[in-house]
Amino acid sequence: MLTIESLNQYYGGSHILRNVSMTVPEGELTVLLGRNGVGKTTLLRCLMGVVPTKNGSIAWRDTALTKMPTHARVAHGLAYVPQGRDIFPRLTVEENLLVGAASKKRMPKGVPEHIYTLFPVLKDMKSRRGGDLSGGQQQQLAIGRALMSEPQLLILDEPTEGIQPSIIQEIGRTLRRLVEEMNLTVLLVEQYYDFAKAIADRYWVMSRGEIVAGGAGAQMDADGVRELIAV
């Protein structure tokens with residue numbers, strides 16, 4: 001289980017995260033929802049050690065991560081797909097994927113077949129440069145790259161942003177498959193309510209840097225989550 005307790009973070013004089021406490025159960029897909037600018041991306045960056053925390057604690061499977069550098073968190077099973085994807089446009093698809101295995105003690109000779117099974121388009125385009133792919137294909141590449149480190153916890157920041165509906169559905173099916181067939185734990189930041197509700201086991205809602213609601217994914221309508229995140 002991922003456990004976050006009383007996490008605080010500041011940018012200058014602005015209090016961005018305010019005593020954030022939440023859990024992400026193992027083997028489930030947990031969605032974190034909220035409007036733009038409420039601190040969701042900052043929280044994910046704190047989880048990965050990209051941004052330091054002022055105080056509070058982060059633990060994965062009872063191992064304290066709060067003071068670990070990013071590479072050590074990856075070694076403990078965390079992987080991150082950032083907002084905007086951050087693929088390497090001049091590298092080929094295959095080279096982008098292999099970058100994701102850089103943290104492993106022994107680099108693979110090639111891309112494991114299960115990555116291409118999850119994302120067949122990447123196999124078809126493995127020799128193309130990453131910058132030549134469509135937005136949806138780049139998002140699949142970013143997820144595939146994260147999976148190359150063989151994570152236990154996959155963290156994604158708005159993977160549906162700027163993606164056509166057919167690819168959004170495909171990404172949703174893939175995330176569910178990772179949870180149900182590969183026993184991966186997934187934490188997903190999302191604004192697209194219908195997408196989140198369709199795939200979430202559990203949810204949390206953030207507003208102004210605080211967690212204001214949470215519960216089972218099936219209860220999102222009854223709990224009025226759509227109204228909480230409406231612009």
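The values are calculated or read from the model by the stated rules, or taken from the named source; none is laboratory data. Every value quoted in this text rests on a predicted model; they were computed, and no experiment measured them. Neighbour counts are summed over all protein chains in view; Cβ atoms, including those assigned to glycine, are modelled from backbone coordinates with ideal geometry.
Some points to look at:
- Qualifying positions in segment 141-167 - β-branched (Val, Ile, Thr), under 20 Å from Arg45 (Cα atoms) and not in a helix (DSSP H, G or I): Ile155, Thr160
- Taken over segment 192-206, residues that are over 14 Å from Thr160 (Cα atoms) and either hydroxyl-bearing (Ser, Thr, Tyr) or part of a helix (DSSP H, G or I) (or both) amount to 1.
- Every residue from segment 207-223 that is among the charged types (D, E, K, R), at negative phi and not in a strand (DSSP E or B): Asp221, Asp223
- Hits in segment 17-41 (condition: basic (Lys, Arg) and either surrounded by 21 or more Cβ atoms within 10 Å (Cβ to Cβ) or under 17 Å from Leu153 (Cβ atoms) (or both)): Lys40
- Residues that are part of a strand (DSSP E or B), touching a Ser or Thr at 6+ places or on another chain (Cβ under 9 Å) and either within 20 Å of Pro151 (Cα to Cα) or not hydroxyl-bearing (Ser, Thr, Tyr) (or both), drawn from segment 17-44: Leu17, Asn19, Val20, Met22, Thr23, Val24, Leu29, Thr30
- Flag not set for Phe88, criterion: of a type in the set (A, V, I, L, M, F, W, C), more than 24 Å from Arg73 (Cβ to Cβ) and touching a helix residue (DSSP H, G or I) at 6+ places or on another chain (Cβ under 8 Å).
- Subset of segment 168-191 that is polar (S, T, N, Q) and assigned to a helix (DSSP H, G or I) - its residue that is modelled with the highest pLDDT: Thr174
- Taken over segment 100-124, residues that are surrounded by fewer than 20 Cβ atoms within 10 Å (Cβ to Cβ) and either of a type in the set (D, E, K, R) or farther than 21 Å from Leu78 by Cβ (or both) amount to 12.
- Single residue of segment 42-73 satisfying the filter (within 21 Å of Gln138 (Cβ to Cβ) and in contact (Cβ under 8 Å) with a residue 40 or more places away in the chain) that is surrounded by the fewest Cβ atoms within 10 Å (Cβ to Cβ): Met48
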